[in-house]
Every structure is written in structure tokens, then in C-alpha cells.
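Below is one structure, written out as C-alpha cells, with a few remarks after it.
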Amino acid sequence: MTAEILDGRALSRTIAEEIAQQVQAFQSAHGRVPGIAVVQVGEDPASAWYVRQIERSFKRAGMEFALHTLPADAQAEDLVGLLKKLNADERTNGIIVQMPLPEHLPQTLVTDILDPRKDVDGIHPINAGKLMQGAPDYFAPATPAGGMEILKRYHIDLKGKRAVMVGRSNIVGRPMALLMLHQHATVTICHSRTVDLPARCREADILVAAIGKAKMITGDMIKPGAVVVDFGVNVVGDSIVGDVDTEAAMEVASYVTPVPGGTGPMTNIMLMLNTLEAARRQAGG
Ligand code: NDP
């Protein structure tokens, strides 16, 4: 069997065009375009690279992008003051703060202050709680939301399927498990203390990896015909590989997200969709 590639890169281009049209419609209705503010504390190169990608995607779709940088030795009150200003700014519909923050600034500083209505990467406990409850108006973290969007656009129905989520972080594994549950999958969450991980993985109709360990999911851990979604981003030598051995997965699975070009490009897309949605809600619908 050779699996079909779930082409997140191509899909992200298609959805970006749809977003650009929706941005124009928003502008016609409200006289301005939706905008995001990105807060970066310090000069982490990986974070700076990611911020440039966000800027490019937002500007290409005709949305506003504003970068607010603070020095690595910024104090708590500097960050809190900036977030309060952005919360109050009408042109700022979405706010994200690049993580990780320098050690002396706890993440709770951000989640205590950030307006949940502008929390387009779904890190605020109110959004996490609403996601858990399946409320209609939460913002899900962009990365797992992107994985779900891929499944939706490829018409992969989760209802009644066995889904296995390997990884339980607050930004990827846990929210992805909940999103799959909302689509009526029967979900198992695995982690570093799971006993006999290969056996759990082999039960999966939908196998999702967010582990952070290069090619940890091998071909023999995949049920024939399964759908494999790989969130992993691991630098190995000069290349980036996923948490799944993609080549092996292609021999066994029915659908596979490649790395790069699978879930990665969808993260920005979901940030854009969430920002557009935030702008609509803030404008009253
Ligand atoms: P974390 O390190 O926060 O979480 C990793 C999870 O994997 C933990 O729950 C951990 O278990 C589990 N785990 C680690 N080792 C094993 C093991 N041997 N067996 C089973 N489970 C294990 O990572 P993130 O969730 O933040 O990220 C996961 C991956 O996704 C990374 O490669 C990251 O780079 C990538 N990523 C990709 C994004 C994208 O845009 N596509 C965005 C964000 C992340 P435990 O909880 O027990 O420690």
C-alpha cells in the first residue's frame, strides 16, 4: 500500500485565498481589516523565524500584522503594560505572545492579562475550558486546529473511529484529543508513562503524534490503512523530520501528513482564521 499524502502546504494555499476573500468582505462591511499583534520577548532565532512566517501570511491575505518586541530582560510590568494596551486597542483583534518566555517571566503573566476574546492561539484557561466543554465560541490552539482542518478538508470522518493521540501537551496533544472527541472519535491519550505504546498505536484508525522525538513512530506501530497525522518538528542534521517515520508510514497507512509540508503550514492558517473570527465577534457578528 502507498498512502495518500495529506498535503498541508497545498491546502494552506487554497485556504489562504479563501481567507483573503473573507478579509475583503470584512473590510467592505467594517471599513478596516482584521489585525494581529505578535509579542516577542528576547531574540530567540527560531521564534523570530516563525514570526516572519506569520507576518508574511497575514500581509499576503491583506490582514494587519504588528510586531511588538521587548528586550530579553524586560520586566513583568513591561509585558503586562503592553498586553493591557493591546487588549484595549480596537485595531488589534488577535494577540499572540511567542513562547517560551525568558525564565523570569512566567506564562501565567500572559494568561492572567490576555483578553480571551483576542486569544487567537487558544492559550487562555477560558478558551481551554470552553474547548473542554465543547462550547461554540472558543479559540482552539492553532496547531491542533490545523491538524483537524486537514482531516476535515480531506473528508476523513472521525465518527466512531479509534483515535490515538501520542503526546499530552497543553498546546498540541491535549487539545487535539479533545477536538477529535468532539468529532465523535473514541480517543486514547498516550504519553511517556504509557505501557506498551506500540500496541496502543496499532489500535488506532487515526494515529496522531506530538512527541518531539524524531521518527519515534515506526511502521510496525501503525495499523494497516490508518490515517497518520504528524505534528513533530525535529531538526536532524540539515533536515526537519517528524515524530513519525514517514517513509515507513507511507507503506502501511492510508493517509499521512508529511514533515515538512503537512501540519506545519496549517498553523498560520488557523491563526489567520481565528483572527478573522475574533474580528467578526468583536464587530458584533
Ligand atoms: P511537549 O514536549 O510539550 O510534549 C511532548 C509529549 O510527548 C508529552 O506529553 C510527553 O509525555 C510525550 N512523550 C515524550 N516522550 C515520549 C515517549 N517516549 N513515549 C510516549 N510519549 C512521549 O511537546 P509539544 O506538544 O509542544 O510538541 C510536540 C511536537 O510537535 C514537537 O516536535 C514540536 O516541535 C511540534 N510542534 C509543532 C507545531 C507545528 O506547528 N506543527 C507547533 C508546536 C509543536 P509526558 O507528558 O509524559 O512527558
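The values are calculated or read from the model by the stated rules, or taken from the named source; none is laboratory data. Here the structure is a predicted model, which means the values were calculated and not measured. Note: ideal-geometry Cβ built from the backbone for every residue, glycine included; neighbour counts use all protein chains shown. Heads up: the accessible areas ignore ligands, DNA and RNA and are worked out on the full protein's heavy atoms, side chains in. Shrake-Rupley method; radii C 1.70, N 1.55, O 1.52, S 1.80 Å.
Summed over the stretch 252-280, residues that are away from the ligand (no atom under 16 Å from the Cβ) and of a type outside the set (S, T, N, Q) total 8. Meeting the requirement of 1 or more residues that are of a type in the set (D, E, K, R) and under 22 Å from ILE5 (Cβ atoms), the strands (runs of 3 or more DSSP E) wholly within the stretch 221-285 are 227-230. What residue, among those in the stretch 125-168 that are in a loop (DSSP other than H, G, I, E, B), more than 26 Å from ILE15 (Cα to Cα) and open to solvent by 50 Å² or more (accessible area, probe 1.4 Å), is nearest to the ligand (Cβ to nearest atom)? Only one residue tops the list, namely ARG168. Assuming ALA249 fulfils every condition listed in (1) within 14 Å of the ligand (Cβ to nearest atom); (2) touching a residue at least 24 places away in the same chain (Cβ under 8 Å) apart from one, which condition is it? Just one mismatch for ALA249, condition (1).
Looking across the stretch 169-213, the residues that are open to solvent by less than 10 Å² (accessible area, probe 1.4 Å) and more than 6 Å from the ligand (Cβ to nearest atom) come down to PRO175, MET176, ALA177, MET180, ALA185, CYS201, ALA204, ILE206, LEU207, VAL208, ALA209.
Only one entry in GLU90, GLU77 is surrounded by fewer than 16 Cβ atoms within 10 Å (Cβ to Cβ) and part of a helix (DSSP H, G or I), namely GLU77.
Taking the condition more than 14 Å from the ligand (Cβ to nearest atom), open to solvent by 20 Å² or more (accessible area, probe 1.4 Å) and among the β-branched types (Val, Ile, Thr), does VAL236 pass? No.
Working only within the stretch 214-232, note down all residues that are within 8 Å of the ligand (Cβ to nearest atom) and either at pLDDT below 95 or buried (at least 19 other Cβ atoms within 10 Å of the Cβ) (or both).
PHE231, GLY232, listed by residue number.
The residue pairs whose first member lies in the stretch 107-122 and is on the phi > 0 side of the Ramachandran plot, whose second member is in a helix (DSSP H, G or I) and modelled with pLDDT of 95 or more, and whose beta carbons are closer than 8 Å, counting only pairs six or more residues apart or on different chains, are GLY122/ALA128; GLY122/LEU131; GLY122/ALA142; GLY122/ALA145; GLY122/PRO175; GLY122/ASN274.
Every condition in (1) surrounded by fewer than 16 Cβ atoms within 10 Å (Cβ to Cβ); (2) under 17 Å from the mean Cα position of the chain (by Cα); (3) outside the structural domain of ARG91 (by TED's automatic domain parsing) holds for THR2 except the one numbered (2). State whether one or more residues within the stretch 103-121 are part of a loop (DSSP other than H, G, I, E, B), open to solvent by 10 Å² or more (accessible area, probe 1.4 Å) and out of contact with any helix residue (DSSP H, G or I) (no Cβ under 9 Å at 6 or more places or on another chain). Yes - at least one qualifying residue is present in the stretch 103-121. Selection over the stretch 1-26 of residues that are touching a residue at least 12 places away in the same chain (Cβ under 8 Å) and among the charged types (D, E, K, R) gives a count of 3.
Would you mind stating whether ALA20 is small (Gly, Ala, Ser), in a helix (DSSP H, G or I), under 30 Å from ARG153 (Cβ atoms) and touching a helix residue (DSSP H, G or I) at 6+ places or on another chain (Cβ under 8 Å)? It is true that ALA20 is small (Gly, Ala, Ser), in a helix (DSSP H, G or I), under 30 Å from ARG153 (Cβ atoms) and touching a helix residue (DSSP H, G or I) at 6+ places or on another chain (Cβ under 8 Å). Condition (residue is farther than 30 Å from ARG117 by Cα and surrounded by 24 or more Cβ atoms within 10 Å (Cβ to Cβ)) applied to the stretch 262-285: is it met by at least one residue? For the stretch 262-285, residues farther than 30 Å from ARG117 by Cα and surrounded by 24 or more Cβ atoms within 10 Å (Cβ to Cβ): absent.
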